[in-house]
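Only one structure is covered here, and it is reproduced in the block below.
The values are calculated or read from the model by the stated rules, or taken from the named source; none is laboratory data. All figures in this text were calculated on a predicted structure; none of them were measured in a lab. Glycine gets a Cβ as well: all are built from the backbone with ideal geometry, and neighbour counts include every protein chain shown.
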Amino acid sequence: MTMNGTRAFALASVPAAAGFAWQQHRRNLRAVGAHPAQAPPLPGYRRELDASWGSVTYRWVEGDPDRPPLVLVHGWGKTSDSAWWPVISGCDRTMVVVDLPGHGRSLLHEPFSFAMAAGAVHRAVAHSGVQHPVLVGHSMGGPVALTTLRQMGTTVFSGLIALATSAYWVRPQLRMLMAMAPYAMAPRSPFLIRTECAELRLAPHIAGQIAWSYTRRPGRRLLDETATALRHFDAREWTDLPLPPTTWVVATRDGVLDTAHQLASARHFDAEIVELDAPHSMVVHAPEAVIELLENWDGAPVPSAHLSSQ
């Protein structure tokens, strides 16, 4: 085929490829629409606090008074309920589950920052009155948790559990990924719809809850602000950050954060490393293993350095 012929063939293929992509998107929309959103029934109740940037909302769940409470910090594009509902329903510890600024029912009138998010966690912890809780951060909740520890001091918390997260997000590959993410993961975008379809196929028994969680995502402006904050986050240079007893749970089937990247972060802080056979959304797709770890965590090494999602 001549050069002109190759060029003509390539140009002729563009409409066909676009048509195929559109048809696939329509099929995905129908697949998503076949699963009505169903909010899970959750224990506890919400508390709301005023803040200079808007408001802070958190879910209070009362549990076993003889064990340290959990402070749960959600990840990128999530809310307290949509990120943690299996844990809220299945864990017997007292829990403070925070909506970060601009997420869920927490209002935000200023640009998002991790310092502001850490301040929201600080306010929720102080208002709840819990003593020496365990701080738990998933995905973007990891940087928020680390910033919170830097602001409040490590003596406030009895431990840190980091789930599928990193101490630094400044690698070139992650910068590119996070730059594209606000557009790719904006509500109803083709990529987001395809991601939701994949999750529905992975866990059809909780299809209603998965569909509901996608309705809780924030808009593109906040996604862009949080992605920008992530692209600049690097806690490796924080020499003033001694951590409390820390367990770093690495998702071995993570399609968002490279496993080696998670391991490097854990080793940087000399944290206990636990490998979990699960995707990035381990709380939803490996809830039994996550709940078991949270229920049994007491600052000592867990019985096994590798947990199964089965």
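R150 meets each of the listed conditions (1) buried (at least 22 other Cβ atoms within 10 Å of the Cβ); (2) in contact with a helix residue (DSSP H, G or I) (Cβ under 9 Å, 6 or more places away or on another chain) apart from (1). Can you tell me how many residues in the range 107-140 are crowded, with 21+ Cβ neighbours inside 10 Å, farther than 24 Å from P287 by Cβ and without any contact (Cβ under 8 Å) to a residue 60 or more places away in the chain? Of the residues in that region, 3 qualify.
Looking at L163, is it over 14 Å from the mean Cα position of the chain (by Cα) and either at pLDDT below 75 or closer than 28 Å to R93 by Cα (or both)? Spell out the reasoning first.
Working: over 14 Å from the mean Cα position of the chain (by Cα): no; either at pLDDT below 75 or closer than 28 Å to R93 by Cα (or both): yes.
Considered against the rule, which asks whether it is over 14 Å from the mean Cα position of the chain (by Cα) and either at pLDDT below 75 or closer than 28 Å to R93 by Cα (or both), L163 comes out as no.
Within the range 222-235, can you find the residues that are in contact with a helix residue (DSSP H, G or I) (Cβ under 6 Å, 6 or more places away or on another chain) and outside any loop (DSSP other than H, G, I, E, B)? Residues satisfying the conditions are L223, D224, A227, A229, L230, R231, A235.
So for the range 64-80 (the condition being under 19 Å from A229 (Cα atoms), of a type in the set (F, W, Y) and within 16 Å of the chain's Cα centre (by Cα)), does at least one residue qualify? The answer is yes; a qualifying residue exists.
Is it true that some residue in the range 288-305 is over 21 Å from V87 (Cα atoms), polar (S, T, N, Q) and either at pLDDT below 95 or more than 17 Å from the chain's Cα centre (by Cα) (or both)? No, because not a single residue in the range 288-305 is over 21 Å from V87 (Cα atoms), polar (S, T, N, Q) and either at pLDDT below 95 or more than 17 Å from the chain's Cα centre (by Cα) (or both).
In the range 239-265, which residues are assigned to a loop (DSSP other than H, G, I, E, B) and among the aliphatic types (A, V, I, L, M)?
Residues of the range 239-265 assigned to a loop (DSSP other than H, G, I, E, B): 239-245, 252-258.
The answer is L241, L243, V256, L257.
Among the residues that make up the range 209-230, is at least one of them surrounded by fewer than 20 Cβ atoms within 10 Å (Cβ to Cβ), at pLDDT 90 or above and more than 26 Å from P101 (Cβ to Cβ)? Looking through the range 209-230, none of the residues is surrounded by fewer than 20 Cβ atoms within 10 Å (Cβ to Cβ), at pLDDT 90 or above and more than 26 Å from P101 (Cβ to Cβ).
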